[in-house]
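Notes follow once the structure below has been shown.
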Amino acid sequence: MPSQKFALPPEVPGLAARRIAADILDGVLHKHRTLDEQLDGAAAHPGLKTLSDRDRALMRRLVATILRRLGTLGHLLSRLLDRGIPTDAPRAQSALLIGAAQILWMDVPDHAAVDLSVRLVQSDRRAAKYAGLVNAVLRRCAREGQPLIDSVKSQNLDIPEWLMKRWIAHYGEIVAGEIALAIGYEPSLDITVKSDPGHWATRLHGEVLPTGTVRTLLQGSVTMLPGFAEGQWWVQDAAAALPARLLGDVAGKSIADLCAAPGGKTAQLAHAGARVSAVDRSPARMTRLRDNLSRLALSAETVVTDAAEWQGGNSAGFDGILIDAPCTATGTIRRHPDVGWLRQENDISALAALQKRLLQKAASLLRPGGMLVYCTCSLEPEEGEHAIAALLAAEPAMRRAPVEAGEVAGREEILTANGDVRTLPCHLPHQDPRLSGLDGFYAARLVKS
């Protein structure tokens with residue numbers, strides 16, 4: 001008899017996206033891998049290449065929503081599960097999180113969210129025995145989930161306890177709560193344009209912020225948006241665009257951009273006419289910076305080395321130096337929701353030591369009369385205010401050059417009493433929460449006498 005060929009059953013629509021979402025969640029929560037490394041570059045999940053643009057966008061939104069609401073989801077599932085989330089089958093945990101997130105916050109029919117999560121556990125050998133449990137819990141979630149969430153102050157649950165305690169201590173309970181609430185919303189797309197922000201706001205169906213950044217709610221592949229391929233703009237949060245501007249008119253000046261990749265600030269400086277030396281220790285990230293500059297038709301000297309050890313390429317000293325120092329990045333949780341769950345409080349001291357070395361190096365590379373702008377995307381004072389206070393105490397030649405409100409579009413609320421910049425995720429409110437907010441940044445401007 002001729003051998004029979006059996007066709008494999010067709011893939012259920014949307015299941016592949018959820019399977020990859022489960023893998024990536026497992027990478028963050030159990031293997032301590034960042035979202036960035038799993039979504040882009042050489043170490044990205046291989047299955048991403050098989051997804052359509054629509055499924056890829058769905059997968060990204062699923063993962064981001066779960067990580068943004070992880071504390072609330074944990075609280076909810078603990079109320080719906082008699083014995084807690086199964087610990088012997090990570091895929092069962094992921095399926096519950098994926099199903100509940102879709103039921104509560106995404107435009108997915110409840111029956112589809114439940115069915116696809118059940119299929120997700122059925123396809124995993126260790127988790128298959130929990131298919132009935134997942135089905136029952138998610139059906140109950142559809143009935144009882146929203147009232148259970150409404151009964152608690154859920155936005156505070158979504159910030160790791162150690163981090164929330166720090167924010168309350170430093171910013172006060174009201175502001176800390178506002179920060180947590182702002183982080184709960186999916187952020188808009190912010191771009192820095194070469195020219196004519198009004199034109200690009202119209203073309204991208206967005207609006208021009210007071211600081212000149214264009215903000216839009218458009219989603220999907222950034223590379224397909226008007227003006228990207230032509231090099232007319234680059235992606236950059238509105239807060240991240242502020243520090244480079246604090247150097248003032250840089251045309252013709254020698255500027256060192258330390259820890260420069262992926263290159264948004266380098267692009268700003270080069271576009272403003274500076275002679276930029278961009279320094280970063282990561283070859284892969286520097287390749288990305290060069291690619292960005294090429295697309296934007298901008299040029300800069302690029303140096304792959306540890307900025308804290310760099311001897312500099314300017315014997316007379318640089319006219320200006322910008323340091324966007326490595327940090328805990330707690331100010332970027334609204335855009336990078338994995339950060340809060342990957343960082344630990346003891347990371348702060350190690351990074352603060354590195355920031356101290358970078359500041360000392362920058363002071364030595366600056367010419368007399370030169371200007372230094374130091375910034376971090378952290379909300380932690382050790383990585384901002386305390387770092388600058390320590391440098392000023394150790395380097396008598398350095399003095400603060402306070403930032404004026406007019407330099408930041410009149411937004412006095414983002415200036416500290418000392419004249420430094422301190423943006424918070426709850427700043428820049430808007431009637432549409434998706435169009436509000438900023439990354440949390442600290443920036444200080446110093447001059448060498």
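The values are calculated or read from the model by the stated rules, or taken from the named source; none is laboratory data. Quick caveat: nothing in here was measured; it's all calculated off a predicted structure. Please note: Cβ atoms are built from the backbone with ideal geometry, for glycine as well, and neighbour counts cover all protein chains shown.
Does ASP306 qualify as being within 25 Å of the chain's Cα centre (by Cα) and more than 20 Å from ALA244 (Cβ to Cβ)? Considered against the rule, which asks whether it is within 25 Å of the chain's Cα centre (by Cα) and more than 20 Å from ALA244 (Cβ to Cβ), ASP306 comes out as yes. Determine whether GLY227 is within 30 Å of ALA308 (Cβ to Cβ) and at pLDDT 95 or above. No. Could you check region 408-430 and list, in sequence order, the residues that are surrounded by 18 or more Cβ atoms within 10 Å (Cβ to Cβ) and among the acidic types (Asp, Glu)? Scanning region 408-430 gives a single hit, ASP420.
Test of understanding: among LEU269, LEU296, which residue is out of contact with any Asp or Glu (no Cβ under 8 Å at 6 or more places or on another chain) and surrounded by 17 or more Cβ atoms within 10 Å (Cβ to Cβ)? Even if it seems obvious, please write down each step before you answer.
Details: LEU269 fails: out of contact with any Asp or Glu (no Cβ under 8 Å at 6 or more places or on another chain).
Exactly one of LEU269, LEU296 is out of contact with any Asp or Glu (no Cβ under 8 Å at 6 or more places or on another chain) and surrounded by 17 or more Cβ atoms within 10 Å (Cβ to Cβ), namely LEU296.
No other residue among ALA325, ALA352, ALA390 is in contact with a His (Cβ under 8 Å, 6 or more places away or on another chain) and surrounded by 15 or more Cβ atoms within 10 Å (Cβ to Cβ) apart from ALA352.
Just so you know, in region 203-259 the residues that are outside the structural domain of SER294 (by TED's automatic domain parsing) and hydroxyl-bearing (Ser, Thr, Tyr) include one that is surrounded by the most Cβ atoms within 10 Å (Cβ to Cβ), and it is THR213. For GLN146, the criteria (1) in a loop (DSSP other than H, G, I, E, B); (2) in the same structural domain as MET59 (by TED's automatic domain parsing) hold in every case but one, which is (1).
Could you list all residues from region 73-87 that are surrounded by fewer than 24 Cβ atoms within 10 Å (Cβ to Cβ) and farther than 16 Å from LEU25 by Cα? Scanning region 73-87 gives HIS75, LEU77, SER78, ARG79, LEU80, LEU81, ASP82, ARG83, GLY84.
Can you tell me which residues in region 117-129 are touching a Leu at 6+ places or on another chain (Cβ under 9 Å) and assigned to a helix (DSSP H, G or I)? Within region 117-129, SER117, VAL118, ARG119, LEU120, VAL121 qualify. For ASP82, state whether it is of a type in the set (Asp, Glu) and more than 20 Å from the chain's Cα centre (by Cα). In short, yes. Just one residue in the set SER117, SER94, SER123, SER151 is surrounded by fewer than 20 Cβ atoms within 10 Å (Cβ to Cβ) and in contact (Cβ under 8 Å) with a residue 40 or more places away in the chain; that residue is SER123.
Of the residues ALA201, ALA261, ALA270, only one is without any contact (Cβ under 8 Å) to a residue 24 or more places away in the chain and either touching a His at 6+ places or on another chain (Cβ under 9 Å) or among the small types (Gly, Ala, Ser) (or both); which?
Just one listed residue meets the conditions, ALA201.
Mind listing whichever residues of region 392-410 are in a helix (DSSP H, G or I), closer than 19 Å to PHE441 by Cβ and among the aliphatic types (A, V, I, L, M)?
Narrowing region 392-410 to residues in a helix (DSSP H, G or I): 392-394, 405-408.
Imposing the further condition that a residue be closer than 19 Å to PHE441 by Cβ reduces the set to 405-408.
Within region 392-410, ALA405, VAL408 qualify.
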